[in-house]
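Okay, so here's the structure we're looking at.
Quick note: the coordinates plus some simple rules give every number you see, no bench work behind them. Values in this document were obtained by computation on a predicted structure and should not be read as measured data. As a convention, Cβ positions derive from the backbone with ideal geometry for all residues, glycine included, and neighbour counts pool all protein chains shown.
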Amino acid sequence: MENSRRTFIKQAAIAGAGVLITKNAWSAKSYKRIIGANDRVRVGVVGFSDRHKSSHIPSFMNHYKELNFEVVGVSDIWKNRREEGAAVWKEKMQNDVKAYRNNEEMYDSKTVDAVFISTADFQHARHAIEAVKAGCDAYVEKPFAETMEDNRAALKAVKESGKIVQIGSQRRSGDNYHAANDFIRSGKFGPITMVELTWNVNQPGRWRRPELLSKLKEEDTDWKRFIMNRPYEAFDPRKYLEYRLFWPYSSGLPGQWMSHQIDTVHWFTGLKHPRSVVANGGIYMWKDGRRNWDTILAAFDYGPLDDLSTGFQVTFGSRMHNGDEHPAEIYYSNGGELNLITNKVSPKGGLTEKMAAAMGMKANLLPEIGLANTQQVVASANTGGDVLTSNHVRNWMECVRSRKQPNAPVEAGYSHSIANIMTNAAVHTGVKATFDESTQEVMANGKVFKY
């Protein structure tokens with residue numbers, strides 16, 4: 001734990017000087033020992049999105065010179081965005097950056113070694129498949145997949161390719177989360193009995209793009225290519241630009257926010273998915289034509305599949321109204337809590353020594369200790385080059401060099417997508433969703449859930 005504190009202090013000092021590092025940062029000497037270390041890694045951008053502009057660009061700029069990376073191409077099916085993207089990156093890189101009408105054009109050019117993928121939620125898995133089949137490593141934003149068909153296909157393609165794929169679950173590059181994982185896995189915390197996940201914001205314009213709707217013309221994009229393998233609908237600028245509000249282009253709250261938080265449950269416990277999920281909610285505030293709920297409460301049962309007598313509950317609550325923009329993750333055992341809001345482990349709420357003695361038990365008296373505090377999770381729409389994302393992008397870049405597995409490998413995306421799709425199934429059917437381990441399908445009402 002002391003090492004974690006020292007790591008944070010060192011990182012904070014360097015961040016203050018305008019440079020961000022991870023605890024696994026390498027020296028220039030280390031790179032010289034790796035075959036191809038002097039080769040520049042050429043990066044392409046798949047989808048010049050708001051997420052890419054606000055977070056990937058500043059994060060990449062923190063590290064690209066040291067690690068010898070450059071952006072050389074931008075692929076976007078909307079003319080306005082690909083031209084903007086190429087111009088922005090040309091100014092950043094001070095070299096020529098080509099604009100491509102689609103991914104095939106970019107991959108056929110044989111000019112990229114790795115790509116950032118930050119397209120619409122439902123496209124991530126399919127775009128990851130395209131990338132690795134084209135011989136590229138990829139940084140893939142979450143949610144990884146919104147259907148099990150896409151999830152299975154992407155996992156298979158990535159594993160067969162041997163390419164380095166980092167899922168955009170940036171908590172996995174935070175020292176406080178690593179310290180929490182280490183503490184729970186040490187056994188000192190005791191068995192987890194409950195996890196509370198919340199993410200509340202009061203942002204009326206979140207996921208809305210009214211200023212762009214009139215600028216998007218069907219002739220300037222490729223609508224059929226946009227909807228990919230989803231059921232055909234007539235061209236609609238709102239579904240294109242505000243896709244997070246419309247199922248089946250996004251699940252909204254589960255895919256955007258829960259996928260981050262539920263990933264820590266899988267990471268800390270080694271469990272790959274929930275045993276079951278139920279959910280309730282609705283559109284209570286924003287009556288703007290959206291399909292996805294603005295309020296949700298989902299309850300998950302987690303534990304070993306072969307022993308239903310042991311396990312714990314996880315709840316995820318999220319609302320897009322009356323929110324304080326402070327996502328919360330609290331893990332409970334009968335000895336106390338591990339709180340990733342305060343970054344502390346404490347005996348709060350735990351069984352006291354007196355109570356335990358009265359029942360002939362031994363209390364697990366948790367000490368009051370601090371976890372390394374990299375930075376509070378940013379809940380605003382524009383996170384900028386926050387420390388967690390910057391560290392995560394760097395970890396991917398390092399792994400592209402070393403060929404080691406990144407902090408959030410494809411299996412992490414596969415697992416959070418199972419939980420996400422199970423939640424979608426509960427939302428859209430109103431019944432308890434489960435997972436068939438043998439077929440790797442999400443089940444609801446005895447049927448495979450699709451849309």
Using R₀ = 30 Å, calculate the FRET efficiency as 1/(1 + (r/R₀)^6) where r is the Cβ-Cβ separation of Arg40 and Glu105; round to 0.05.
0.90
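Using a Förster distance of 30 Å, how high is the FRET efficiency between Met361 and Leu297, based on the Cβ-Cβ distance and rounded to 0.05?
In this case the efficiency is close to 0.40.
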In nm, what is the difference between 0.36 nm times the number of residues separating Arg225 and Glu84 and their Cα-Cα distance?
48.8 nm
Sequence-distant aspartates and glutamates (8 or more away, or on other chains) whose Cα lies within less than 17 Å of Lys215:
Asp50, Asp76, Glu83, Glu84, Asp236, Glu242
Which whole-number percentage describes the relative contact order of the chain, with Cα contacts under 8 Å and a sequence gap of 6 or more?
21 percent
Quote to one decimal, in nm, the extra length available between Glu437 and Asn202 on full extension: 0.36 nm per residue of separation minus the C-alpha distance between them.
80.8 nm
Counting DSSP beta bridges with both ends in the chain, the antiparallel % (nearest 5):
60 percent
XL table Lys65/Lys239; Lys79/Lys110; Lys188/Lys272; Cα-Cα > 28 Å flagged, in table order, is Lys65/Lys239
Only helical DSSP H runs with n ≥ 4 go in: add -39500 (n - 2.57) per run for the chain, normalise by residue count and round the 222 nm mean residue ellipticity to 500 deg cm²/dmol.
-10000 deg cm²/dmol
Give, as a single signed number, the net charge of other residues whose beta carbon lies under 10 Å from the beta carbon of Gly73, with Lys and Arg counted +1 and Asp and Glu -1.
+1
Quick one: dipole size for segment 228-311, taken about the Cα centre, charges +1 on Lys/Arg Cβ and -1 on Asp/Glu Cβ, in debye to the nearest 20.
300 debye
Under the rule of at least 5 residues apart or a separate chain, name every residue whose amide H is placed under 5 Å from the amide H of Ser333.
Thr193, Leu338
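What does the charge count around Lys142 come to, taking other residues whose C-beta lies under 9 Å from its C-beta (Lys +1, Arg +1, Asp -1, Glu -1)? Walk me through the numbers before you get to the answer.
Details: positive: none; negative: Asp121, Glu141, Asp263.
Taking every other residue near Lys142 into account, the sum is -3.
Could you work out the local net charge near Val46, counting Lys and Arg as +1, Asp and Glu as -1, over the other residues with Cβ closer than 9 Å to its Cβ?
Working: positive: none; negative: Asp76, Glu130.
My count for the surroundings of Val46 gives -2.
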Taking the chain as the reference, fit the longest principal axis to its C-alpha atoms, fit the long axis of helix 148-161 to the helix C-alpha atoms, and give the angle between the two in degrees, 0 to 90, nearest 10.
70 degrees
J(HN,Hα) series, segment 260-276, from Karplus relation 6.51 cos²θ - 1.76 cosθ + 1.60, nearest Hz, glycine and proline x:
5, 6, 5, 4, 5, 4, 5, 5, 6, 9, x, 7, 8, 5, x, 7, 7
Compute the helix-to-body angle for 175-185: its Cα long axis versus the longest principal axis of the chain, expressed 0 to 90° and rounded to tens.
40 degrees
Would you mind checking which residues have amide H under 5 Å from Val71's amide H? H placed 1.01 Å from N; only 5 or more apart, or other chain.
Val43
